[in-house]
Amino acid sequence: QVQLVESGGGLVQAGGSLRVSCVVSGIKFWIDTMGWYRQAPGKQRELVATITVGGNTNYADSVKGRFTISRDNAKKTMYLQMNSLKPEDTAVYYCHFVTGPENAWGQGTQVTVSS
């Protein structure tokens, strides 16, 4: 059974940094595209960043220059380094992957940025 487990969320002051991680288990083949999404209270889930197995990245305009997505293919792990955090970055951050016909979501990790 495929499972995605996020970790590393928490409470941080504005201007601070956090790194969230996502480990994928139960999959026996390469994962094509992985991504981070977030959902703030009362808002729709939105894309934060994606990364392909070849390392090509894509970022939402709101996080460009502040967040960095990376992955370790051998460990089936993805990271999101978040710097210069702002209160508007407060949300539940979800890990997601797509490979062939398969896709799955993690349960989410809360990131709260205080002003």
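Laid out as a table, the results:
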item	result
The range 100-108 - phi-based ³J(HN,Hα) in whole Hz, Karplus 6.51/-1.76/1.60, Gly and Pro as x	x, x, 8, 8, 7, 10, x, 7, x
Potential extension, residue 98-residue 75 segment - 0.36 nm per residue separation minus Cα distance	6.6 nm
Cα-based reach from residue 28 at 20 Å (exclusive), listing aspartates and glutamates while leaving out same-chain residues under 8 positions away	6, 72, 102
Average Cα contact separation per residue, the range 16-75, under 8 Å, 6 or more apart, as relative contact order %	25
Descending principal axes extents, the range 16-74, alpha-carbon based, whole Å	36, 25, 20
Most to least packed among 73-82, 36-45, 3-12, 90-99 [average Cβ atoms within 10 Å]	90-99, 73-82, 3-12, 36-45
The chain, accessible surface, carbon-and-sulfur percent (1.4 angstrom probe)	48
Label-to-label distance, nm, for residues given as residue 14 and residue 39 (7 Å Cα→Cβ offset)	2.7
The range 10-95, accessible area per residue, ligands and nucleic acids excluded (1.4 Å, Å²)	53
Relative contact order (percent, whole number), the chain, Cα cutoff 8 Å, 6+ residue spacing	36
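The values are calculated or read from the model by the stated rules, or taken from the named source; none is laboratory data. Model, not experiment: these values are computed from the prediction. As a convention, Cβ positions derive from the backbone with ideal geometry for all residues, glycine included, and neighbour counts pool all protein chains shown. Just the protein is used for accessible areas: all its heavy atoms, side chains included, with ligands, DNA and RNA removed. Shrake-Rupley method; radii C 1.70, N 1.55, O 1.52, S 1.80 Å.
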